[in-house]
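Here the structure comes first, spelled out in structure tokens, and everything after it is commentary.
Every number in this text was worked out from the coordinates using simple rules, so none of it is lab data. Since the structure is predicted, the reported quantities are computational estimates derived from the model, not experimental observations. So basically every Cβ, Gly included, is an ideal-geometry build from the backbone, and we count neighbours across all protein chains shown.
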Amino acid sequence: MTVTRRYRTNRLEAFSDGVLAIAITLLVLELSVPEVSGGGLIEALAAQWHEYLAYLVSFATIGAIWVAHSAVTGYLEEADPTILRLNLLLLFFVSLLPFTTRLLAEYFDVDDADRVVVTIYGLNLLLASVVLSAMWQWARHAGLVSGVDRDEEVRYLTRRLAPGVGGYLAILTVGIFQPTIAVLGYLLVALFFMLPLGAIRETRSARSTLPPT
């Protein structure tokens, strides 16, 4: 009988936090200082709106990944080789974000290129979401999740992670026709996942107790 080796999660969490911190810092280094020629500084800054939008979406996305990753690892009692490799794959897609963000910022306002870069950017976000969801599903399947008395919370996190994949797929389709709307959609997805888990559950609970109108 083969025994799967198990690991403590502290190194996985520390390494992941470091990569996420570097990736989110690299985003701001890609912002360029505008050159003022003819018009004023405000006009020059406004002309670079696509850079700021790309930065905002990617910052929110990495922040959302960090929040979701923290929730997933918070339930892990231990890690196994599969989780470690899935985590590396997640960090691979996170480390690509500064590049795809710069690509989006450079070509977002270029005709015939905007749809291409928005699709590439969306695929980056989709693959990161798929791997993060796969990490959680494997952790449950492999019996790595602690806290049997928190079954309801575990099921809630499972339901919360799953719609992210579907959302990115839907927005990818929209991006083929409306790139700007797609980018704003990616921002909304990131902001949704940054909301506290408990806050949404409490809101749903409060709604369920309201008298019918």
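Could you identify the single residue in THR82, THR73, THR100 that is of a type in the set (Ser, Thr, Tyr), buried (at least 19 other Cβ atoms within 10 Å of the Cβ) and touching a Phe, Trp or Tyr at 6+ places or on another chain (Cβ under 7 Å)?
Working: THR82 fails: buried (at least 19 other Cβ atoms within 10 Å of the Cβ); THR73 fails: touching a Phe, Trp or Tyr at 6+ places or on another chain (Cβ under 7 Å).
Among THR82, THR73, THR100, only THR100 is of a type in the set (Ser, Thr, Tyr), buried (at least 19 other Cβ atoms within 10 Å of the Cβ) and touching a Phe, Trp or Tyr at 6+ places or on another chain (Cβ under 7 Å).
Can you pull out the residues in the range 1-28 that are outside any helix (DSSP H, G or I) and within 30 Å of VAL110 (Cβ to Cβ)? Reasoning before the result, please.
Narrowing the range 1-28 to residues outside any helix (DSSP H, G or I): 1-9.
Passing the criteria: none in range.
State all residues of the range 142-162 that are in a helix (DSSP H, G or I), surrounded by fewer than 15 Cβ atoms within 10 Å (Cβ to Cβ) and not acidic (Asp, Glu); if no residue qualifies, say none.
Within the range 142-162, the first condition is being in a helix (DSSP H, G or I), and the residues that meet it are 148-162.
Right, trim to surrounded by fewer than 15 Cβ atoms within 10 Å (Cβ to Cβ) and you get 148-152, 155, 158-159, 162.
Residues satisfying the conditions are VAL148, ARG150, ARG155, THR158, ARG159, ALA162.
Name the one entry in LEU89, LEU31 that is assigned to a helix (DSSP H, G or I) and surrounded by 13 or more Cβ atoms within 10 Å (Cβ to Cβ). Steps first, answer last, please.
Details: LEU31 fails: assigned to a helix (DSSP H, G or I).
From the options LEU89, LEU31, the qualifying one is LEU89.
Looking at the range 28-37, can you tell me whether even one residue there is closer than 15 Å to TYR186 by Cα and either in contact (Cβ under 8 Å) with a residue 24 or more places away in the chain or touching a Leu at 6+ places or on another chain (Cβ under 8 Å) (or both)?
The answer is no; no qualifying residue exists.
Show the residue pairs that are 6+ apart or on different chains and have beta-carbon atoms under 6 Å apart, the first residue being within the range 106-135 and under 16 Å from TRP49 (Cβ atoms), the second being of a type in the set (Gly, Ala, Ser) and surrounded by 17 or more Cβ atoms within 10 Å (Cβ to Cβ).
Correct list of pairs: VAL118/GLY175; VAL118/ALA182.
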